[in-house]
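Report on one structure; see the data block that follows.
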Amino acid sequence: MSYVGPDFDPPQPRRPRRRPLTVALAALVPGALLGWVVYEAVGGGGGADRTASPAPRGSAVSSAPAASPSGGNGRGDSGGGDDGKASGSPFARPGGSGPLGGKIVVIDPGHNPGNFRHTAEINRPVDIGTNRKECDTTGTSTNDGYTEARFTIDVAHRLRDLLERQGATVKLTRDGDSPAWGPCVDERARIGNTARADAAISIHADGSSPGDRGFHVILPGSVHAGAADTRAIVGPSHDLGVRIAGDFLRETGEPPSNYLGDGTGLVTRTDLGGLNLSTVPKVFIECGNMRDSKDAALLTSGAWRQRAAQGISEGIVSFLRAS
Ligand SMILES: [Zn+2]
């Protein structure tokens with residue numbers, strides 16, 4: 001779509017669609033199991049993070065609101081949640097004394113609802129090390145107009161709450177009282193770097209073609225050019241991403257992408273400023289495809305977004321407790 005800029009959701013070469021799900025799941029299960037085993041081994045199982053929103057395995061999709069068969073009218077409770085709620089500035093709140101006490105997590109909710117009205121500002125190029133690129137993009141939306149920016153801030157708030165319950169200090173790159181557009185992708189990376197985050201996650205939903213379904217986690221590739229040097233974070237970011245993918249799959253039942261990543265739910269990229277400029281372990285997650293009616297029905301459900309946040313949280317928690 002023309003408004004989808006190149007930084008977050010660019011057109012990608014099409015892979016043969018609809019790989020057998022069994023292959024996709026087989027590819028992910030070892031990672032999921034590994035993450036789970038590590039999580040259990042470090043004592044995470046049964047903690048507050050897991051009990052906050054139990055999601056019966058295998059029932060996540062079937063218990064979600066049904067999608068409208070053709071119109072993508074699964075608005076569900078898209079008006080709910082706490083998106084748009086100003087929660088005070090600065091965006092960091094002190095962590096507690098739980099198992100993640102002393103750990104810092106930066107959550108980057110993709111885009112900004114105001115970007116649609118500030119196209120000149122967000123089109124301004126910024127330096128991402130390898131090249132110059134737009135400051136930010138508008139992001140996508142469902143066919144019913146539920147925007148990616150609203151989705152990302154809602155999941156970010158839910159994720160923040162889960163991580164804070166574990167004692168982490170959490171900082172958001174934008175919140176309800178942020179400026180009307182942005183921040184630019186270089187600034188989003190800088191916020192994680194300046195905070196010396198132990199882990200950073202950028203939350204998105206994709207704007208691909210109907211029929212394209214599923215989530216994928218984007219890992220930083222090795223880049224060393226200009227201000228970009230990801231060599232030190234490629235390894236830990238891969239670990240973080242694999243854990244998040246496994247836990248996201250388990251908590252949401254959302255399949256790995258059927259259009260990117262060969263069914264693994266993992267994609268490595270070297271063209272994203274938010275990753276290229278990061279000096280802390282960081283991944284993106286595209287939680288689903290807003291332009292597919294089945295995925296849209298999930299993305300617009302507050303209950304599903306809670307499961308999404310739960311899965312992301314568990315991946316981050318297991319990463320931080322293992323590191
Ligand atoms: Zn996005």
Among the residues listed as T279, T264, T270, T300, the single one being open to solvent by less than 10 Å² (accessible area, probe 1.4 Å) and touching a residue at least 24 places away in the same chain (Cβ under 8 Å): T300
Number of positions in segment 217-251 that are closer than 15 Å to A308 by Cα and either part of a strand (DSSP E or B) or touching a Cys at 6+ places or on another chain (Cβ under 8 Å) (or both): 2
Residues being within 15 Å of V185 (Cα to Cα) and away from the ligand (no atom under 15 Å from the Cβ) - total across segment 103-113: 1
Scan of segment 176-195 for residues that are open to solvent by 10 Å² or more (accessible area, probe 1.4 Å) and touching a Ser or Thr at 6+ places or on another chain (Cβ under 7 Å), ordered by number: G176, D177, P183, I191, N193
N131 being within 16 Å of the ligand (Cβ to nearest atom) and surrounded by fewer than 16 Cβ atoms within 10 Å (Cβ to Cβ): no
Residues located in segment 307-323, provided they are among the aliphatic types (A, V, I, L, M) and under 22 Å from G253 (Cβ atoms): A308, A309, I312, I316, V317
Odd one out for L260, checked against (1) within 15 Å of the ligand (Cβ to nearest atom); (2) more than 16 Å from G207 (Cα to Cα): (2)
Matching residues in segment 176-208 - criterion: being at pLDDT 95 or above, away from the ligand (no atom under 16 Å from the Cβ) and assigned to a loop (DSSP other than H, G, I, E, B): A195, R196, A197, D198
Residue that is surrounded by the fewest Cβ atoms within 10 Å (Cβ to Cβ), among those in segment 303-323 that are hydrophobic (A, V, I, L, M, F, W, C) and farther than 30 Å from A228 by Cβ: A303
Search result, residues across segment 98-135 that are hydrophobic (A, V, I, L, M, F, W, C) and assigned to a loop (DSSP other than H, G, I, E, B): L100, I128, C135
Test: T138 is assigned to a loop (DSSP other than H, G, I, E, B), more than 17 Å from the chain's Cα centre (by Cα) and either surrounded by 22 or more Cβ atoms within 10 Å (Cβ to Cβ) or away from the ligand (no atom under 16 Å from the Cβ) (or both): no
Given (1) touching a residue at least 60 places away in the same chain (Cβ under 8 Å); (2) crowded, with 24+ Cβ neighbours inside 10 Å, index of the condition S257 fails: (1)
Members of segment 288-314 that are aliphatic (A, V, I, L, M) and either under 13 Å from the mean Cα position of the chain (by Cα) or in a helix (DSSP H, G or I) (or both): A296, A297, L298, L299, A303, A308, A309, I312
Candidate set from segment 196-221 (those that are farther than 15 Å from P256 by Cα and among the small types (G, A, S)); member that is surrounded by the fewest Cβ atoms within 10 Å (Cβ to Cβ): S209
Counted residues, segment 105-128 - those being over 21 Å from G221 (Cα atoms) and surrounded by fewer than 21 Cβ atoms within 10 Å (Cβ to Cβ): 10
Search result, residues across segment 141-175 that are among the hydroxyl-bearing types (S, T, Y) and either in a helix (DSSP H, G or I) or open to solvent by less than 10 Å² (accessible area, probe 1.4 Å) (or both): T142, Y146, T152, T173
Considering residues of segment 216-247 that are in contact with a Phe, Trp or Tyr (Cβ under 6 Å, 6 or more places away or on another chain) and among the hydrophobic types (A, V, I, L, M, F, W, C) only, the residue nearest to the ligand (Cβ to nearest atom): I218
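The values are calculated or read from the model by the stated rules, or taken from the named source; none is laboratory data. Note that the coordinates shown come from a computational prediction; the quantities given were computed from them, not determined experimentally. Neighbour counts are summed over all protein chains in view; Cβ atoms, including those assigned to glycine, are modelled from backbone coordinates with ideal geometry. Quick note on the areas: whole protein, heavy atoms, side chains included, nothing else; ligands and nucleic acids left out. Shrake-Rupley method; radii C 1.70, N 1.55, O 1.52, S 1.80 Å.
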